[in-house]
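> Got a structure here, written out as structure tokens. Questions coming.
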Amino acid sequence: RKEVEQDPGPFNVPEGATVAFNCTYSNSASQSFFWYRQDCRKEPKLLMSVYSSGNEDGRFTAQLNRASQYISLLIRDSKLSDSATYLCVSNTGNQFYFGTGTSLTVIP
Amino acid sequence: DTGVSQNPRHKITKRGQNVTFRCDPISEHNRLYWYRQTLGQGPEFLTYFQNEAQLEKSRLLSDRFSAERPKGSFSTLEIQRTEQGDSAMYLCASSIRQTNEKLFFGSGTQLSVL
């Protein structure tokens, strides 16, 4: 079983839509969680950390549910520039585990 | 530029040849990670260093792969006797060991084995 599992999509949404991505992790000892964004043929870039209390950064909201071992990312008012692959990441303290990524295309 | 630097950006080699990649981490970062990524997959852990010590290696890392970080600064990843299955993007990332440690990636080295 993979450490982190994500729905690969693709998600194709119109501009202005709200889209949600989910991921699950298998190691209950995981200590911290992140969402990374990766553009085609580029390196992953940190989008935001994920906390149990939930955190928001502009149009992006991330949430962690430790009981269900579930992480989510909500993007409101999607922009064309949001088109990318979104990677869910867990850190056990010694290793970072990446999901396969969820592909998002925002359509004009 | 104070980000993570990787060289070369692209490498094309023939099967059976040896290749070496270099990573220069962010200067104050004491941890350095190597990942491999193929199309449609997330980055796959290969190995990591804390300062000059190699603390963990993936079971996926065959004997043909070796990594070093001799002075706790830059790192090299060598692949001996390359195979077509080694074709991938090799990503280096660095971090500071701390609570809520975060990874910062270099631009990667795209390896094509013909």
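> So what is Rg over Rh here for region B:1-97, counting just Cα atoms and using Kirkwood for Rh?
0.95
> Once the Cα gyration tensor of region B:1-56 is found, what semi-axes does its equivalent ellipsoid get, as square roots of 5 times the eigenvalues, in whole Å, sorted largest first?
Listed largest to smallest, the semi-axes of region B:1-56 are 22, 15, 13 Å.
> Skip the ligands, DNA and RNA, and give the accessible area per residue of chain B with a 1.4 Å probe, whole Å².
Per-residue value: 52 Å².
> Rounded, prolate or oblate: pick one for region A:38-108, where a ≥ b ≥ c are the square roots of the eigenvalues of its C-alpha gyration tensor, a/c under 1.5 means rounded, and failing that, prolate if a/b is larger than b/c, else oblate.
Since a/c reaches 1.5 but b/c is at least a/b, the shape of region A:38-108 is classed as oblate.
> Summarise the partner chain shielding of A:86-94 as one whole number: the mean count of Cβ atoms from other chains within 10 Å of each residue's Cβ.
Mean partner-chain Cβ count within 10 Å for A:86-94: 2.
> Sticking with this structure for a sec: Mean 1/r over all different Cα pairs, inverted: what Kirkwood radius does the protein assembly as shown give, in Å?
For the protein assembly as shown, inverting the mean 1/r across all distinct Cα pairs yields 18.0 Å.
> Here's another thing I want to ask about it. Please give the residues from region B:23-59 for which the solvent-accessible area of heavy atoms, probe 1.4 Å, is smaller by at least 20 Å² with all protein chains in place than with the chain isolated.
Correct list: B:Arg31, B:Tyr33, B:Tyr35, B:Gln37, B:Gln41, B:Gly42, B:Pro43, B:Phe45, B:Tyr48, B:Glu56.
> Put simply, what bits of region B:66-91 lose 10 Å² or more of accessible area when the other protein chains are there, versus the chain on its own (1.4 Å probe)?
With the partner chains in place, region B:66-91 has these residues losing at least 10 Å²: B:Met89, B:Leu91.
> Would you tell me the mean number of C-beta atoms belonging to other protein chains that fall within 10 Å of each C-beta in B:93-102, as a whole number?
The per-residue average across the peptide is 3.
> Now a separate question. Ignoring ligands, DNA and RNA, how much accessible area is buried between chains A and B, both sides summed, with a 1.4 Å probe, to the nearest 100 Å²?
Summing both chains' loss of accessible area gives about 1700 Å².
> Report the Cys residues of chain A lacking a disulfide-compatible partner, meaning no second Cys Cβ under 4.7 Å from their Cβ.
A:Cys40
> How many nm is it between the label spots at B:Thr13 and A:Ser81, if each spot is 7 Å from the Cα in line with the beta carbon?
Distance between label points: 3.9 nm.
> Using Cα pairs under 8 angstrom and six or more residues apart, how large is the relative contact order of region B:10-100, in percent?
Relative contact order here is 40 percent.
> Could you provide, to the nearest whole Å², the per residue accessible area of region A:2-68 with probe 1.4 Å?
54
> Averaged over A:42-53, how many beta carbons belonging to a partner chain fall within 10 Å of each residue's beta carbon?
Average neighbour count from other chains, rounded to a whole number: 3.
> What residues qualify as long-range amide H neighbours of A:Ser83, i.e. H under 5 Å apart, gap of 5 or more or another chain, H built at 1.01 Å from N?
A:Val106
The values are calculated or read from the model by the stated rules, or taken from the named source; none is laboratory data. All values derive from a computational prediction rather than experimental measurement. Positions of Cβ are backbone-derived with ideal geometry, glycine not excepted, and every protein chain shown enters the neighbour counts. Just so you know, the surface numbers come from the protein's heavy atoms only, side chains and all, with ligands and any DNA or RNA stripped out. Shrake-Rupley method; radii C 1.70, N 1.55, O 1.52, S 1.80 Å.
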